[in-house]
Every structure is written in structure tokens, then in C-alpha cells.
Amino acid sequence: MRIAVIGGGNGAYAAAADLTERGHEVRLWRRNAEALAASKTLTLKDAEGERRITLAAVSADVASALRGAELVFMPDPAFTQLDNARRIAPHLADGQVVFFAPGSFGSYIVAQAVRESGNRADVAYAETGTLPWLTRKHGPTTAAITARATRLPTGVYSARRAQHAFGVLQRAFASIEPVEDALSAALMNAGPVIHPPLILMNAGPLEYHERWDIHKEGTQPAIRRVTDALDAERIAVRIALGYKAPHFPLADHYRTDGDEWMYGRRVHQKLTDSQDWREHVSLTEHRYMREDVEHGLAFLASVCTWAGVACPVARGLLALGAAVLGRDLRASGRTLENLGLASLTPAQLKERLA
């Protein structure tokens with residue numbers, strides 16, 4: 001299958017290398033033309049060792065990357081989605097599937113932006129709860145994959161395009177599991193649950209140490225209890241809105257038995273053993289803050305409030321994030337109010353998503 005990968009981060013390079021190795025024709029686009037030129041041949045590093053992977057094409061011309069692609073994969077942060085929507089909007093064509101991993105409701109937002117641009121192509125927009133890989137770049141052209149997702153709960157906007165979209169997605173990602181719609185998928189997003197407690201409750205060590213592993217030293221019992229309480233709010237709003245189990249509770253990520261989470265069992269140990277997450281985290285600039293707090297957590301808190309579900313942990317963490325960033329994230333973040341959807345009833349919103 002011909003796949004366009006849009007972006008230059010960890011997920012984009014893992015996608016380009018891994019999907020190419022699995023036999024797909026991958027075209028990579030990113031804004032940095034100089035870095036792109038060096039990326040035609042990547043090094044893929046995982047448990048099986050290292051090997052060189054040559055992509056079908058790299059291009060600084062987004063139209064060229066998109067032309068003829070059945071799947072458009074966009075794994076870069078939520079705060080890049082609207083800019084990239086404007087870039088891809090003129091070039092999307094009937095039958096294409098645009099996939100966000102994760103999405104933070106980006107499937108709906110980008111679809112609206114493309115439509116507002118004047119493009120009326122019949123395109124499906126899908127999103128899932130996490131990247132299909134636990135991955136970090138080792139240098140400019142090496143994608144190191146610690147684990148591959150074994151379950152990817154995924155929703156499609158609009159839901160009427162789901163059958164076609166899943167047919168395309170499952171050819172690239174066998175671990176795709178369909179959920180009801182784009183909002184159901186957005187409420188599977190793991191980032192706004194795992195990362196806000198880890199960065200905000202580890203703010204002191206993160207600012208003191210040059211590198212700090214929030215998933216190892218930073219994952220202490222008190223923080224886990226906060227994460228579990230935040231995840232309970234996410235699951236409560238899913239249930240209130242009528243979405244069905246499985247809800248992929250984050251506690252399963254840390255278990256070595258029981259239900260398998262998105263990356264399978266025992267993956268947390270692999271993550272910390274890799275030391276790839278022992279990194280510098282700027283509390284004002286890192287993806288965990290700009291994406292998972294300002295977009296994902298703001299979205300979760302707004303959906304809870306809209307649905308009448310108490311969310312004191314989400315609201316409290318959002319207030320802490322706002323204090324760190326120095327701005328009101330309820331006013332500037334990704335919320336139903338800011339998307340113009342808060343006046344709809346749950347039934348009206350589900351009808352729109354369908």
C-alpha cells in the first residue's frame with residue numbers, strides 16, 4: 001500500500017522505517033528540507049538488532065507525498081494538526097484515509113479545517129489512543145523501537161466512512177480495534193492520563209536534573225494513585241456517554257497479567273530498561289505539556305463537564321498546568337467550548353460524528 005507519512009518526530013520516523021520494512025511504499029514529508037534530504041535511508045533499531053531501511057521517497061513537496069496515497073499517517077503532536085491540515089487540505093482526494101496517532105479529537109478538527117478550505121473530497125479521518133510504537137530517535141536518522149502496539153482502539157470521523165477506513169488501516173496496522181466514533185477514540189487517548197501527573201508531580205526533579213526518567217524514578221505509588229483517579233474520570237465519562245468496554249484502563253499498562261493494554265504485557269519494564277525516556281523535559285515546551293495538558297487534558301476536562309461527570313483530578317491538574325504555563329487553559333486549550341460544540345447535547349454530537 002502507498003502511505004504518506006507527515007512529520008519529522010519520533011513517531012514519523014518509526015512509521016516510515018517500520019512500514020517500509022513491512023512492504024509498504026512510504027513517502028515521507030517534513031518541513032525541514034535539509035533534515036529530510038538525509039532521511040531517505042533510515043536505521044531501524046529494535047529487539048532484532050539494527051538494519052538500514054530505504055524509503056520509497058522523501059519530499060519537501062507535500063502534494064507529491066500525498067499523491068496516490070491510500071493512507072496519510074500524521075503522528076506529530078496535536079498542536080501541529082491545524083498547521084498540517086492547511087498544508088494537506090488542497091491535496092486530499094476521494095478515498096484517502098488520514099490517521100492520527102494519537103488524535104486528541106484531531107480527526108474531527110482537521111476534517112472541519114479541510115472542509116473550510118473548500119476541499120469536498122470524500123476523505124475518512126481516524127484516530128487512536130497512542131502511537132503504534134514506543135519509540136525514540138537515536139540521532140537524526142535512527143528510529144529505535146522499544147515495543148509495538150498490540151491493540152489500537154480507533155475511531156473514524158465521520159462514522160459512516162468507518163468500514164472503508166478500517167479496511168485501509170488494518171492493512172497497515174493489524175492491531176487496530178474499531179470503536180464507535182471519533183469521540184470514543186479521543187477518550188481512549190492515554191497521553192492526557194499518564195503524562196500530566198508525571199510531569200506536574202515531578203516538576204521539581206524535572207527542573208533540577210538535566211535528564212530525568214518520569215517513567216522510572218518519577219513513577220511512585222502516590223503518583224500512580226493520582227493517575228488511577230484521573231483514569232477513573234476518563235472511564236466514567238465514557239460510560240456516561242454510552243461508550244462500551246473495553247475502556248483500556250491505564251492500570252493494565254503496569255500489570256504483568258490480566259487484560260492486555262495497548263502495548264501488551266510487561267512493556268513498562270522494557271520502557272524503563274531502554275533508558276530512552278531518561279530525557280530533558282522542559283515544563284513549558286515539552287510535548288507532554290503542550291499536547292497532553294493543553295490539548296488532551298483540557299479536552300478531557302471539558303467533555304466531563306459537558307457530560308455532567310465530576311472530574312476534580314482533571315480540573316486540578318489542568319489548573320496546575322495553567323499556573324506553570326501562565327495562561328488559562330480552559331480559555332486557550334482544546335475544549336468543546338472552543339470548538340463550538342458545547343451547546344450540543346450528547347445525542348446531537350453523536351449524530352454529527354456519524
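Please work out which residue is surrounded by the most Cβ atoms within 10 Å (Cβ to Cβ), limiting yourself to segment 260-276 and to residues that are among the charged types (D, E, K, R) and either free of Cβ contacts under 8 Å to residues at least 60 places away in the same chain or in a loop (DSSP other than H, G, I, E, B) (or both).
Here is the first cut: in segment 260-276, the residues among the charged types (D, E, K, R) are 260, 265-266, 270, 273, 276.
Filter once more, keeping what is either free of Cβ contacts under 8 Å to residues at least 60 places away in the same chain or in a loop (DSSP other than H, G, I, E, B) (or both): 260, 265-266, 273, 276.
Values: E260: 16, R265: 16, R266: 12, D273: 10, D276: 19.
It comes out as D276.
Please specify each residue of segment 321-354 satisfying the condition of being free of Cβ contacts under 8 Å to residues at least 24 places away in the same chain and of a type in the set (V, I, T).
The answer is T345, and nothing else.
Rundown of residues vs (1) on the phi < 0 side of the Ramachandran plot; (2) assigned to a helix (DSSP H, G or I); (3) without any contact (Cβ under 8 Å) to a residue 40 or more places away in the chain, yes/no style:
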{"residue": "E285", "(1), (2), (3)": "yes, no, yes"}
{"residue": "H295", "(1), (2), (3)": "yes, yes, no"}
{"residue": "A301", "(1), (2), (3)": "yes, yes, yes"}
{"residue": "T305", "(1), (2), (3)": "yes, yes, yes"}
{"residue": "A319", "(1), (2), (3)": "yes, yes, yes"}
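Restricting to segment 137-170, give me the number of residues that are touching an Asp or Glu at 6+ places or on another chain (Cβ under 8 Å), under 24 Å from R265 (Cα atoms) and among the basic types (K, R).
2
Provide a single number: the residues in segment 107-126 that are in contact (Cβ under 8 Å) with a residue 60 or more places away in the chain and in contact with a strand residue (DSSP E or B) (Cβ under 7 Å, 6 or more places away or on another chain). Before the answer, list the steps.
We begin by selecting, within segment 107-126, every residue in contact (Cβ under 8 Å) with a residue 60 or more places away in the chain; these are 107-109.
Add one more test, that the residue is in contact with a strand residue (DSSP E or B) (Cβ under 7 Å, 6 or more places away or on another chain), and what stays is 107-108.
Within segment 107-126, residues that are in contact (Cβ under 8 Å) with a residue 60 or more places away in the chain and in contact with a strand residue (DSSP E or B) (Cβ under 7 Å, 6 or more places away or on another chain) number 2.
Residue under question is A16, and the condition is that it be open to solvent by 40 Å² or more (accessible area, probe 1.4 Å), of a type outside the set (S, T, Y) and touching a residue at least 60 places away in the same chain (Cβ under 8 Å); does it hold? So that I can check it myself, show each step before the final result.
On the way: open to solvent by 40 Å² or more (accessible area, probe 1.4 Å): no; of a type outside the set (S, T, Y): yes; touching a residue at least 60 places away in the same chain (Cβ under 8 Å): yes.
Against the criterion (open to solvent by 40 Å² or more (accessible area, probe 1.4 Å), of a type outside the set (S, T, Y) and touching a residue at least 60 places away in the same chain (Cβ under 8 Å)), A16 does not qualify.
When only residues in segment 23-55 that are in a loop (DSSP other than H, G, I, E, B) and in contact (Cβ under 8 Å) with a residue 12 or more places away in the chain count, which is farthest from D83 (Cα to Cα)?
Step one: of segment 23-55, the residues in a loop (DSSP other than H, G, I, E, B) are 23-24, 30-32, 38-40, 47-48, 55.
With the extra rule that they be in contact (Cβ under 8 Å) with a residue 12 or more places away in the chain, the set shrinks to 24, 30-32, 38-40, 55.
Values: H24: 26, R30: 12, R31: 11, N32: 15, A38: 24, S39: 22, K40: 24, L55: 25 Å.
My answer is H24.
Report whether or not D76 is among the charged types (D, E, K, R) and assigned to a helix (DSSP H, G or I). Even if it seems obvious, please write down each step before you answer.
On the way: among the charged types (D, E, K, R): yes; assigned to a helix (DSSP H, G or I): no.
Considered against the rule, which asks whether it is among the charged types (D, E, K, R) and assigned to a helix (DSSP H, G or I), D76 comes out as no.
Kindly provide the set of residues from segment 326-343 that are in a helix (DSSP H, G or I) and under 19 Å from Q81 (Cβ atoms), ordered by number.
Step one: list which residues in segment 326-343 are in a helix (DSSP H, G or I), which gives 329-332.
Answer for segment 326-343, where residues must be in a helix (DSSP H, G or I) and under 19 Å from Q81 (Cβ atoms): L329, S332.
Can you confirm whether I145 is among the aliphatic types (A, V, I, L, M), free of Cβ contacts under 8 Å to residues at least 60 places away in the same chain and in contact with a strand residue (DSSP E or B) (Cβ under 7 Å, 6 or more places away or on another chain)? Before you say what the answer is, go through the steps one by one.
On the way: among the aliphatic types (A, V, I, L, M): yes; free of Cβ contacts under 8 Å to residues at least 60 places away in the same chain: no; in contact with a strand residue (DSSP E or B) (Cβ under 7 Å, 6 or more places away or on another chain): yes.
Answer is no for this residue.
The values are calculated or read from the model by the stated rules, or taken from the named source; none is laboratory data. From a predicted model like this one, the values you see are computed outputs, not experimental measurements. Cβ: placed from backbone, ideal geometry, glycine included. Neighbour counts: every protein chain shown. These area figures cover heavy atoms from the full protein model, side chains too; ligands, DNA and RNA do not enter into them. Shrake-Rupley method; radii C 1.70, N 1.55, O 1.52, S 1.80 Å.
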